[in-house]
1. Taking the residues in segment 36-72 that are touching a strand residue (DSSP E or B) at 6+ places or on another chain (Cβ under 6 Å) and within 14 Å of the ligand (Cβ to nearest atom) as candidates, determine which candidate is farthest from residue 14 (Cα to Cα).
2. Could you list, in sequence order, all residues of segment 57-73 that are assigned to a loop (DSSP other than H, G, I, E, B) and in contact with a helix residue (DSSP H, G or I) (Cβ under 9 Å, 6 or more places away or on another chain)?
3. Surrounded by 11 or more Cβ atoms within 10 Å (Cβ to Cβ), out of contact with any helix residue (DSSP H, G or I) (no Cβ under 9 Å at 6 or more places or on another chain) and modelled with pLDDT of 95 or more: is that true of residue 79 in this structure?
4. Could you tell me whether any residue of segment 12-35 is within 16 Å of the ligand (Cβ to nearest atom) and in contact with a strand residue (DSSP E or B) (Cβ under 6 Å, 6 or more places away or on another chain)?
5. Applying the selection to segment 11-34, what residues are assigned to a loop (DSSP other than H, G, I, E, B) and loosely packed, with under 12 Cβ neighbours inside 10 Å?
Ligand SMILES: [Zn+2]
């Protein structure tokens, strides 16, 4: 993690997958996730790490201000293509 970069609006996205397909297919969902704001703190998602699994499934690990925003983001991204 690089904490020295100051990034207010851009969500940091890390995708651990064998090829670019997962990132391309999640692009729309990730765009929407990046536009979310926490109803309590007004913050956006700070970072998400996505681990490719099998048969279109994936795991997402979120860095957010609180679980409210994380739940919203997870509902948008879901856990399967
Ligand atoms: Zn919050």
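1. Pass one, segment 36-72, residues touching a strand residue (DSSP E or B) at 6+ places or on another chain (Cβ under 6 Å): 46-52, 56-63, 70.
From what is left, the residues that are within 14 Å of the ligand (Cβ to nearest atom) are 46, 62-63, 70.
Details: 46: 11, 62: 10, 63: 11, 70: 16 Å.
Here the residue is 70.
2. The initial filter retains those residues of segment 57-73 that are assigned to a loop (DSSP other than H, G, I, E, B), namely 64-66.
Selection gives 64 alone.
3. Details: surrounded by 11 or more Cβ atoms within 10 Å (Cβ to Cβ): yes; out of contact with any helix residue (DSSP H, G or I) (no Cβ under 9 Å at 6 or more places or on another chain): yes; modelled with pLDDT of 95 or more: no.
Criteria not met by residue 79.
4. Initial filter on segment 12-35 (within 16 Å of the ligand (Cβ to nearest atom)): 33-35.
Next, only the ones that are in contact with a strand residue (DSSP E or B) (Cβ under 6 Å, 6 or more places away or on another chain) stay: none.
No; the residues of segment 12-35 include none that is within 16 Å of the ligand (Cβ to nearest atom) and in contact with a strand residue (DSSP E or B) (Cβ under 6 Å, 6 or more places away or on another chain).
5. In the first step, residues of segment 11-34 are kept if they are assigned to a loop (DSSP other than H, G, I, E, B); the result is 11, 17-20.
The answer is 18, 19, 20.
The values are calculated or read from the model by the stated rules, or taken from the named source; none is laboratory data. Computed from a prediction, not measured in an experiment: that's the story for all the values here. With ideal geometry, Cβ positions are generated from the backbone for all residues, glycine too; neighbour counts draw on all protein chains shown.
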